[in-house]
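*Asks:* Before I ask anything, let me first share the structure, which is written out below as structure tokens.
The values are calculated or read from the model by the stated rules, or taken from the named source; none is laboratory data. Quick caveat, the model's predicted, so the values are computed rather than measured. Cβ atoms come from the backbone with ideal geometry, glycine included; neighbour counts cover every protein chain shown. To get the accessible areas, we keep the full protein, side chains included, count just its heavy atoms, and leave off ligands, DNA and RNA. Shrake-Rupley method; radii C 1.70, N 1.55, O 1.52, S 1.80 Å.
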Amino acid sequence: MSGNILIIDDEIKLLKLLGMILSQENFNVKEASTARSAMTMLEQYDFDVVLSDVRLPDAFGVDLVKSIQSKYPHLEIILMTAFGNITDAVQAMKNGAYDYLVKGDDNDKIIPLVYKALEKGKYNRSKTVQKCATLQGFNQIIGISPLIIQSKKLAERVALTDATVLLTGETGTGKEVFANAIHEGSDRKKNNFVAINCSAFSKEILESELFGHKQGSFTGAIKDKKGLVEEANGGTLFLDEIGEMPIELQAKLLRVLETKEFMKMGETKVSKSDFRLIAATNRNLEDEIKQGHFREDLYFRLNVFEINLPPLRERKEDLKVLAKNFIDIFSNKLHLSSVQVSPEYYKELEKNDWKGNIRELRNTIERSLILMNDNILDTESLPHYSEKVSSTENDSLSMRSLEKEHIQKVIQYTKGNKAEAARLLEIGIATLYRKLEEYELR
């Protein structure tokens with residue numbers, strides 16, 4: 001995960017040291033020694049995270065947070081403070097700062113905290129802006145099989161209405177792509193498409209994300225927060241994995257769907273929002289109802305228009321079309337030209353059951369292009385091919401040797417960006433660091 005970072009500090013030695021540390025993590029870093037020069041840079045460049053000292057020669061960091069947030073609400077700000085100024089840092093968080101660091105004591109926390117702030121900032125942006133062009137419109141739903149054509153036609157028809165849509169199907173079948181296409185094909189396309197995965201949050205946080213909260217409504221609620229229901233006013237709200245929503249929240253969601261009215265956590269005033277709901281699940285909601293995990297009345301309210309997305313194993317005629325599309329996408333990303341694909345490569349793809357569906361295929365193609373030699377995609381380029389190689393035949397083809405080579409190629413591909421490398425390798429960042437140390441890869 002790359003990002004643009006602005007560091008503000010009048011201690012030049014510390015400024016340069018922080019710049020060097022963050023640059024080594026492949027962040028794009030700019031430096032400023034005053035608030036005035038920082039504000040000028042913010043006008044000139046598109047930053048993701050600001051790392052600022054609390055005490056600056058021409059401004060107080062607590063006030064600076066408020067100024068930056070008012071102009072650039074998507075930015076996440078981390079304050080650096082001396083031990084005696086922690087109260088100032090806490091006040092800055094109330095003004096909108098993401099977190100603070102104590103100089104000298106929290107040096108080992110800088111990199112993880114920047115990564116977390118960057119993740120949160122990108123998530124916040126994705127909630128309020130339209131999805132990128134690669135996910136927009138029905139022309140992005142690729143396939144020639146009768147099953148996917150039928151699903152696409154249903155989506156095109158319902159897009160012209162304001163009906164609630166329930167998308168069902170296994171993980172990785174493209175439910176968010178369909179949801180975005182329905183939004184793009186509707187009269188609401190000029191307004192927000194906001195999305196959230198209901199399985200990614202605890203009950204309290206999910207309630208806050210959906211409906212917003214007032215300052216002090218629960219521990220950690222240090223300022224008022226607008227919820228997704230409010231942000232989706234005039235547009236579309238996409239609730240992914242709705243089968244994972246805590247049953248206590250289901251009643252509240254049902255009332256919002258029926259009345260278009262909601263209340264923020266800790267507030268007694270009723271607000272209104274006119275939004276179109278698209279929900280998705282990989283669970284059988286009727287089974288969930290029998291087990292007492294899902295409300296039957298909410299199910300009937302959601303299931304106005306259901307579209308089932310077929311798994312990839314049932315639409316094998318689409319496999320080659322999808323693979324070619326992903327090869328083109330990642331070839332452009334890697335600046336590769338004239339990539340050749342062997343017939344055996346496609347045959348090997350067809351042997352897979354693709355339990356992760358299109359998402360798994362996409363990741364496989366990306367890793368294949370990283371692993372290939374001489375611009376040729378063949379069976380040896382496939383990530384799972386190495387698992388079929390006997391480690392007893394040749395020590396240079398042992399699993400340990402192959403894993404080291406694989407990690408090295410991925411690290412080179414991401415230009416040293418460890419978070420991105422961990423994503424491609426499908427391992428945790430801590431596991432990657434351990435592997436790098438184990439194999440003495442720098």
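*Asks:* At what distance in nm do the modelled label points of Lys324 and Ile429 sit from each other, each positioned 7 Å from its Cα along Cα→Cβ?
*Replies:* Taking the two extended label points, one gets 3.9 nm.
*Asks:* Highest mean first, what order results for 264-274, 329-339 on Cβ atoms within 10 Å? Working shown, then result.
*Replies:* Values: 264-274: 14.0, 329-339: 12.1.
Ranking the peptides 264-274, 329-339 by packing returns 264-274, 329-339.
*Asks:* By a straight-distance test (C-alpha under 21 Å), which lysines pair with Lys16 as possible cross-link partners, with residues fewer than eight away in the same chain excluded?
*Replies:* Partners found: Lys30, Lys103, Lys109.
*Asks:* For a quick check of understanding: with a 1.4 angstrom probe and all protein chains in place, what accessible area in square angstrom does Ile407 have, to the nearest ten?
*Replies:* Rounded to the nearest 10, the figure is 10 Å².
*Asks:* Then there's this: Which FRET efficiency value, to the nearest 0.05, is calculated for Glu286 and Ala163 with the Förster distance at 25 angstrom and r the Cβ-Cβ distance? The partial results should precede the final answer.
*Replies:* Working: r = 20 Å, r/R0 = 0.81.
Working from the Cβ atoms, E equals 0.80.
*Asks:* Could you look at the chain and say what percent of its accessible area is carbon and sulfur, using a 1.4 Å probe and all protein chains? Kindly include the intermediate steps, with their values, before the conclusion.
*Replies:* On the way: 10760 of 22040 Å².
Whole-percent figure for carbon plus sulfur exposure: 49.
*Asks:* Work out from phi, with θ = phi - 60° and the Karplus expression 6.51 cos²θ - 1.76 cosθ + 1.60, the ³J(HN,Hα) of each residue of the range 109-117, listed in order in whole Hz, and give x for Gly and Pro.
*Replies:* Residue by residue, the range 109-117 yields 9, 4, 4, x, 5, 5, 4, 5, 4 Hz.
*Asks:* Students often get this wrong: which residues of the range 224-253 have the backbone nitrogen under 14 Å from the point 7 angstrom along Cα-to-C-beta of Asp297?
*Replies:* Taking a point 7 Å out along Cα→Cβ of Asp297, the residues of the range 224-253 whose backbone N falls under 14 Å are 248-253.
*Asks:* OK, next. Rounded to the nearest 5, what % of DSSP beta bridges with both residues in the chain are antiparallel?
*Replies:* Antiparallel bridges make up about 15 percent of those DSSP assigns within the chain.
*Asks:* So, one more: Could you work out how much longer the chain between Leu147 and Tyr45 gets when fully extended? Use 0.36 nm per residue separation minus the Cα distance between them, nm to one decimal.
*Replies:* Length gained between Leu147 and Tyr45: 32.1 nm.
*Asks:* For the chain, give the magnitude of the charge dipole about the Cα centre (Cβ charges: +1 Lys/Arg, -1 Asp/Glu; no others), in debye to the nearest 20.
*Replies:* Values: 61 positive and 67 negative charges, 194 e Å.
Its charge dipole is roughly 940 debye.
*Asks:* Arg313: net charge of surrounding residues, Cβ under 12 Å, Lys/Arg +1, Asp/Glu -1, itself excluded?
*Replies:* Numbers: positive: Arg315, Lys316, Lys351, Lys355; negative: Glu170, Glu314, Glu317, Asp318, Glu350, Asp353, Glu360.
Net charge around Arg313: -3.
*Asks:* For Lys203 and Thr171, compute 0.36 nm times the residue count separating them, minus their Cα-Cα distance, and round to one decimal in nm.
*Replies:* Details: separation 32, 0.36 × 32 = 11.52 nm, distance 2.19 nm.
The Lys203-Thr171 span can extend by a further 9.3 nm.
*Asks:* With every protein chain present, what is the per residue accessible area of the chain (1.4 Å probe, Å²)?
*Replies:* 50
*Asks:* For Leu377, what residues show an amide H to amide H distance below 5 Å, using hydrogens built from the backbone and excluding near sequence neighbours?
*Replies:* Result for Leu377 returns Gln340, Val341, Ser342.
*Asks:* Considering only DSSP beta bridges whose two residues both sit in the range 154-293, what percent are antiparallel, to the nearest 5? Let's see the in-between values first.
*Replies:* On the way: 3 of 17 bridges.
Bridges in the range 154-293 that DSSP calls antiparallel: roughly 20 percent.
*Asks:* Moving to a separate point now. Can you tell which of Leu249, Ile7, Gly292 lies farthest toward the positive end of the dipole of the chain, using +1 and -1 charges on the Cβ of basic and acidic side chains (Lys, Arg; Asp, Glu)?
*Replies:* With unit charges placed on the Cβ atoms, the residue in question is Leu249.
*Asks:* Of the peptides 420-426, 43-49, how do they stack up when ordered by the mean number of other Cβ atoms within 10 Å, highest first?
*Replies:* Numbers: 420-426: 17.7, 43-49: 15.1.
Those peptides, ordered most packed to least, come out 420-426, 43-49.
*Asks:* What is the range 221-278 by shape, rounded, prolate or oblate, if you read a ≥ b ≥ c off the alpha carbon gyration tensor as root eigenvalues and call it rounded for a/c under 1.5, prolate for a/b larger than b/c, and oblate otherwise? Show your work: numbers first, answer last.
*Replies:* Values: a/c = 1.43, a/b = 1.19, b/c = 1.21.
Cα axes put the range 221-278 in the rounded bin.
*Asks:* Whole-Hz Karplus ³J(HN,Hα) for the range 150-161, in order, using 6.51 cos²θ - 1.76 cosθ + 1.60 and θ = phi - 60°, x for Gly and Pro?
*Replies:* Rounded to whole hertz, the list is 5, 4, 5, 4, 4, 5, 5, 6, 6, 4, 6, 9.
*Asks:* Report, in whole Å, the centroid distance computed from the Cα atoms of the range 228-302 and the range 18-87.
*Replies:* 38
*Asks:* OK, next. Binning at 20 Å from 0, report for the chain what percent of all alpha-carbon pair distances ends up in each bin.
*Replies:* 21, 49, 29, 1
*Asks:* Let's test the formula: R0 of 30 Å, r as the Cβ-Cβ distance of Lys116 and Leu441. What FRET efficiency results, to the nearest 0.05? Intermediate values should be presented prior to the final figure.
*Replies:* On the way: r = 24 Å, r/R0 = 0.82.
E between Lys116 and Leu441, to the nearest 0.05, is 0.75.
*Asks:* While we're on this one: Tell me, what are the semi-axes, in whole angstrom and largest first, of the equivalent ellipsoid of the range 1-74 as set by the roots of 5 times the Cα gyration tensor eigenvalues?
*Replies:* Working: eigenvalues 69, 49, 17 Å².
Value: 19, 16, 9 Å, ordered largest first.
*Asks:* Tell me which of Val54, Thr164, Tyr115 sits at the most positive position along the dipole axis of the chain, charges placed on C-beta atoms (Lys, Arg +1; Asp, Glu -1).
*Replies:* Thr164
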